[in-house]
Amino acid sequence: MKIGIGNDHAAVAMKNEIMEYVSELGHEVVNFGTDTTDSCDYPEYGEKVGRAVVNKDVDFGILICGTGVGISLSANKVHGVRAAVCSEPVTARLVRAHNNANIIAFGERIVGIEMAKSIVKTFLETEFEGGRHQRRVDLMMEIEGKNR
Ligand code: RB5
């Protein structure tokens, strides 16, 4: 698959390790930056990856900032994005299986690199279950449609 990745200045080191890991898993990685530790604004990178996912330039997105929160909230402002913050793999599995999340987010200041890898692997290996979950995802996306 093609995976878009984005981050702010708080997560450059973790982003680099995760990019390498995602490549090792056999995926193509598209890096949307930032690549320096100079202070920057996470909404820019959340939006870039969010747009890439919605436009189908990539299959899924990975976002990392200090907590994973600001960058995922920003991505979620792009219509069609379902970005979920996770700090362990059980949630990473369930946000794919039940919520059909298309972006996973986490914080370099919150999780260690091995936990981050486990979150990413689980997210990328899990399929959406559909069925009753499809109805709920459709209802969720309808809310977005009503608030354009
Ligand atoms: C940057 O200092 C920090 O606020 C950011 O990385 C993130 O944690 C915001 O949600």
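The values are calculated or read from the model by the stated rules, or taken from the named source; none is laboratory data. As the structure is a computational prediction, the values presented were derived from the model and not from experiment. Note: ideal-geometry Cβ built from the backbone for every residue, glycine included; neighbour counts use all protein chains shown. These accessible areas exclude ligands, DNA and RNA; they are computed on the full protein's heavy atoms, side chains included. Shrake-Rupley method; radii C 1.70, N 1.55, O 1.52, S 1.80 Å.
For residues in segment 1-57 being open to solvent by 40 Å² or more (accessible area, probe 1.4 Å) and among the basic types (Lys, Arg), which is nearest to the ligand (Cβ to nearest atom)?
Only one residue fits best here, namely LYS48.
Given ALA75, ALA83, which one is open to solvent by 10 Å² or more (accessible area, probe 1.4 Å), closer than 25 Å to THR36 by Cβ and within 16 Å of the ligand (Cβ to nearest atom)?
Details: ALA75 fails: open to solvent by 10 Å² or more (accessible area, probe 1.4 Å).
Just one listed residue meets the conditions, ALA83.
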